[in-house]
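Everything below concerns the one structure shown next.
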Amino acid sequence: MSFYENFLSETHKMFRQTAKRFALDEIRPNAHAWEEAGEFPRDLYKKAADAGILGVGFPEELGGSGGGPMAGVMVIEGLMHGGSTGVAAGLGSLGIGLPPVVQSEDERLIDEFARPALAGDKICGLAITEPNTGSDVAGVTTRAELDGDEYVVSGAKMFITSGVRADFLTTLVRTAEDKHGGLSFLVVETDREGVTLSEPLAKHGWWASDTAEIGFDEVRVPKENLVGSEGGGFVTLMRNFQNERLALAAYGVATAELAYEESMKYVKEREAFGRPIVGFQVTRHKLVDMHTRITAAKTFLYQVASRMEAGEYIVKEVSMAKNIAAELAVDVCYEAVQLHGGMGYMRESLVERLSRDARLLPIGGGTQEIMKEIIAKQMGI
Ligand SMILES: Cc1cc2nc3c(=O)[nH]c(=O)nc-3n(C[C@H](O)[C@H](O)[C@H](O)COP(=O)(O)OP(=O)(O)OC[C@H]3O[C@@H](n4cnc5c(N)ncnc54)[C@H](O)[C@@H]3O)c2cc1C
């Protein structure tokens, strides 16, 4: 047993085991076909809900699976054995879309949106990014103006995970001029008149997850769809970013581990100059570097998740964990492809896919540079 397993309870390990079993049975045999097709079957949401992993981190009384930040890390670690970050991220889009709804404690919103999403019957996305606004999230310009009992929503969102298939989007809108205090969350059902969903955007990686551009042309939404209070959107967003960034750190470490394991197998089998390529010192050193960095990053990730589970609000450490894990995944995947030689460049090899998928990690959920700005601020510089 590795020493970082000391951070885990039996329940944590059970979450990981359940997710791994699900990934090996349901995802791994289909991952290549789903990646090439650019989507996975919709009923996978239901299957994941029935397996007890879709709603990790959400209360069981709402149909969630319970568990806290560490359980979330465990489910990602398990799901990555499916070999497709796209599938895992597509299934996980409710993990970023639902928290504002659940935290609002609004019974109507919870019954109409959270429960069906946690049951795998509705697909939920989080719509923050816009064509002209990404890192500067408070620059959102999609407007929602109250007209009688309805908000009228106009604007556009960009790069929205699960956006093509989503039944509803937890959408960050501008309800007043104040840059930060003028932002609010609104649930927008995608079948409302005036909503246009793009075709899935063609991407570098994450092929099995759909990513959409979404237009809102004077979309009328009942004012009861407001999530929490008007003007409370920015604070809610910042709080929930911590869980999203922890999840991305978990994807990074799990991606690196998978690429490392694939490489270890390959270098023992593949021969060159009359011996397995693991026999070359340079190969061994690459594997040593991978293993060393994974061990350090995983220990830090587990420590951060444990502290979050204990209720600490640790913005600096979460941002560091995301950056460490994102860089780790990109670097380890690069070396994994290199160790596979020509085979590493082929679509049939897992490391080829992982290397493309990993590239999202320093970009999504707040870029590497934005994480550094946050860390600098916390350092007082
Ligand atoms: C596959 C995928 C899935 C996504 N899913 C979602 C989703 O579900 N919901 C959602 O809302 N969004 C989603 N996004 C959007 C993602 O969060 C943004 O792409 C990301 O936050 C960066 O924003 P941007 O693309 O506008 O880049 P920009 O903000 O335009 O940044 C461009 C470059 O400038 C740098 N930069 C910007 N500001 C600074 C600064 N102050 N200091 C230093 N450098 C800076 C950035 O770090 C980056 O390198 C997704 C994106 C992708 C690719």
Next item on the list: May I ask you to evaluate 6.51 cos²θ - 1.76 cosθ + 1.60, the Karplus curve with θ = phi - 60°, for each residue of segment 56-62 and list the ³J(HN,Hα) values in order in whole Hz, giving x for glycine and proline?
Entry: 4, x, 10, x, 5, 5, 9
Check: Quick one: with all protein chains in place, what share of the accessible area of segment 239-381 is carbon or sulfur, to the nearest percent (1.4 Å probe)?
Finding: 55 percent
Next item on the list: Calculate how large, on average over all directions, the projected area of the Cα convex hull of the chain is; give the answer in nm² to one decimal.
Entry: 19.0 nm²
Item checked: Rounded percent of accessible protein surface that carbon and sulfur make up, segment 124-231, 1.4 Å probe -> 47 percent
Notebook entry, point to check: Residues of segment 260-372: accessible area per residue at 1.4 Å, in Å²?
Noted result: 50 Å²
Item checked: Label zone at Met238, where the point sits 7 Å out along the Cα-to-Cβ direction: segment 307-329 residues whose backbone N lies under 20 Å -> 308, 311-323
Item checked: C-alpha center-to-center spacing [segment 11-56, segment 79-113] in angstrom -> 14 Å
Next item on the list: May I have the convex hull volume per residue, in Å³, for the Cα set of segment 235-379?
Entry: 107 Å³
Notebook entry, point to check: In sequence order, what are the phi-derived ³J(HN,Hα) couplings for segment 82-95 according to the Karplus relation 6.51 cos²θ - 1.76 cosθ + 1.60 with θ = phi - 60°, rounded to whole Hz, with x for glycine and proline?
Noted result: x, x, 9, 5, x, 5, 4, 5, x, 4, x, 5, 5, x
Margin query: Applying a 10 Å radius around every beta-carbon, put 188-200, 153-165, 215-227, 250-262 in order of their mean neighbour count, most first.
Written below: 250-262, 153-165, 215-227, 188-200
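So, with a 1.4 angstrom probe, what is the percent of accessible area on segment 1-102 that is carbon and sulfur? Write down the numbers at each step before the final one.
Numbers: 2080 of 4000 Å².
The value for segment 1-102 is 52 percent carbon and sulfur by accessible area.
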Item checked: Of Lys47/Lys157; Lys20/Lys316; Lys179/Lys377; Lys13/Lys298; Lys46/Lys223, pairs whose Cα-Cα distance is over 18 Å -> Lys47/Lys157; Lys20/Lys316; Lys179/Lys377; Lys46/Lys223
Item checked: Other-chain or far-sequence residues with amide H under 5 Å of Val56's (modelled H) -> Ser65
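For Asp147 and Phe3 in one chain, what is 0.36 nm times their gap in residues minus the Cα-Cα distance, to one decimal in nm?
That works out to 46.0 nm of additional length.
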Checklist line | Efficiency of FRET from Cβ geometry, Asp178 and Ile381, R₀ 30 Å, rounded to 0.05 | finding: 0.65
Notebook entry, point to check: Which of the lysines could a cross-linker span from Lys268 if the Cα-Cα distance has to be under 24 Å and same-chain partners fewer than 8 positions apart are dropped?
Noted result: Lys286
Notebook entry, point to check: What list of ³J(HN,Hα) couplings, whole Hz, do you get for segment 20-34 from phi and the Karplus terms 6.51, -1.76, 1.60, once you set θ to phi - 60° and write x for glycine and proline?
Noted result: 5, 4, 4, 5, 6, 7, 9, 9, 3, x, 10, 4, 4, 5, 5
Notebook entry, point to check: Over what distance in Å are the Cα centres of segment 314-381 and segment 186-254 separated?
Noted result: 22 Å
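The values are calculated or read from the model by the stated rules, or taken from the named source; none is laboratory data. What you are looking at is a predicted structure, and each value in this text was computed from that prediction instead of being measured. Neighbour counts run over all protein chains shown; Cβ positions are idealised from the backbone, glycine included. For the accessible areas, the whole protein counts, side chains as well, though only heavy atoms, and no ligand, DNA or RNA atoms are used. Shrake-Rupley method; radii C 1.70, N 1.55, O 1.52, S 1.80 Å.
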